[in-house]
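Colleague: Below: one structure in structure tokens.
The values are calculated or read from the model by the stated rules, or taken from the named source; none is laboratory data. Note that the coordinates shown come from a computational prediction; the quantities given were computed from them, not determined experimentally. Cβ coordinates were reconstructed from backbone atoms using ideal geometry, including for glycine residues, and neighbour counts include every protein chain displayed.
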Amino acid sequence: MSAQGARRYLVKHVSEFNYQDPAHGSLMVLRLRPREDQRQRILAFNLHIDPFASPAAFEDSFGNVCHLFNVHRAHRRAIVRSRSQVEIADAPAPVGRSERESWDSLADMVDPVRHWDYLRPSRFAYPCRALDSFTATNGIRRGAGPLCSLLETASTLHAAFTYEPGSTAVDSSIEQVLETGRGVCQDYTHVMIAIARSWGIPSRYVSGYLHLEGARGEQAQVGASHSWAEFLLPDMGWIGIDPTNDTRVDHRHIRTAVGRDYDDASPTRGVVYGGGESSLKVWVAVAEDEEPAPMGEALVERANLRDIAPRPSVPRSGHDQ
């Protein structure tokens, strides 16, 4: 039985990496274990890797729990399976000063050194001419206060962009989504973060999952991870906003990792020795703890791997896996 006002979820995440040629080895970092905080509690977490590898857990500079593993033998396929049980409390209503005073309060609160990572441009969230043109065309500007400005911006992005899986890749620039008007959750999130940082609001990227209740037709595929943004506001702390679905973050959003942008919070990232062309299939299922969690159809993505030139083969010893 979950605590009063809390929901329990079961999350299954399978990533299957396939290589055109045998890879001599691979090294990968995973950010699949949900975060723990005042609203989110981890009841169980299991990780299985095939070919067998023993992952080492560590915490990165953003407080994300990561797992690092090596596969030393030749392989054409690597499968990572994670299973999480999470309890999430409802988000409290924000309590803060009047919107008229909030911009001044924000300026007083922000520390340019402590909040440096979340104020400066990053690899995927940055100012550019395309962003300036987009904000001017769509009337996006600082409003009466930070929170109302952010919520209005989320609504504008939701209306201006078309959610289209496969229209962008994990390394697509914000110029691409601004030019085509099509993207996925990470693109919506990067654009919103870039806008908020230009207003002096500390902003961070959140990767995780969204439980689809079917009430509003949320734009997050079954079979795909989700992402949104968090903003540091006076008297409120970090406030989550999901521009893909034009909503405040609530009990349906399961947080896994945070960072400056996708590059810091991607579920999987690594290097492979040889292997040629690689592809990634992802299955994700999120369900209420008492419900079955069918895996559904796979989402095919570009693998977030860096290919290193094949190493010369070496004789195997009795210690090779």
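Colleague: Given the structure, is G143 small (G, A, S), assigned to a loop (DSSP other than H, G, I, E, B), surrounded by 15 or more Cβ atoms within 10 Å (Cβ to Cβ) and at positive phi? It would help to see each step written out before you state the result.
Modeller: Values: small (G, A, S): yes; assigned to a loop (DSSP other than H, G, I, E, B): yes; surrounded by 15 or more Cβ atoms within 10 Å (Cβ to Cβ): yes; at positive phi: no.
When the stated conditions are applied, G143 does not pass them.
Colleague: Can I ask one more? Among all residue pairs at least 6 apart or on different chains, which show Cβ distances below 7 Å where the first residue, located in region 102-120, is in contact (Cβ under 8 Å) with a residue 24 or more places away in the chain and the second is crowded, with 16+ Cβ neighbours inside 10 Å and among the hydroxyl-bearing types (S, T, Y)?
Modeller: Between residues of region 102-120 that are in contact (Cβ under 8 Å) with a residue 24 or more places away in the chain and residues that are crowded, with 16+ Cβ neighbours inside 10 Å and among the hydroxyl-bearing types (S, T, Y), the close pairs are Y118/S203.
Colleague: If I go through region 248-263 residue by residue, how many of them are of a type in the set (D, E, K, R) and part of a helix (DSSP H, G or I)? Show your work before the answer.
Modeller: Of region 248-263, the ones of a type in the set (D, E, K, R) are 248, 250, 252, 255, 260-261, 263.
Checking the rest, the ones that are also part of a helix (DSSP H, G or I) come to 263.
Residues meeting the conditions: 1.
Colleague: Filter region 169-189 down to the residues that are surrounded by fewer than 19 Cβ atoms within 10 Å (Cβ to Cβ) and either on the phi < 0 side of the Ramachandran plot or assigned to a helix (DSSP H, G or I) (or both) and list them by number.
Modeller: A169, V170, D171, S173, E175, Q176, E179, T180, R182
Colleague: Do you know which residues across region 139-158 are farther than 20 Å from D104 by Cα, within 26 Å of the chain's Cα centre (by Cα) and without any contact (Cβ under 8 Å) to a residue 24 or more places away in the chain?
Modeller: T156
Colleague: Residue check: is V282 at pLDDT 90 or above, more than 23 Å from H158 (Cα to Cα) and surrounded by 12 or more Cβ atoms within 10 Å (Cβ to Cβ)?
Modeller: Numbers: at pLDDT 90 or above: yes; more than 23 Å from H158 (Cα to Cα): yes; surrounded by 12 or more Cβ atoms within 10 Å (Cβ to Cβ): yes.
In short, yes.
Colleague: Considering only region 190-247, state which residues are small (G, A, S), closer than 20 Å to E152 by Cα, part of a strand (DSSP E or B) and at pLDDT 95 or above.
Modeller: S203, S227, A229, G240
Colleague: Scanning for something under 15 Å from I193 (Cβ atoms) and in contact with a helix residue (DSSP H, G or I) (Cβ under 8 Å, 6 or more places away or on another chain), does region 162-169 turn up at least one residue?
Modeller: no
Colleague: Can you name the residue in region 100-115 that is surrounded by 15 or more Cβ atoms within 10 Å (Cβ to Cβ) and not aliphatic (A, V, I, L, M) and, of all such residues, is modelled with the highest pLDDT?
Modeller: Among those residues, the one meeting the criterion is H115.
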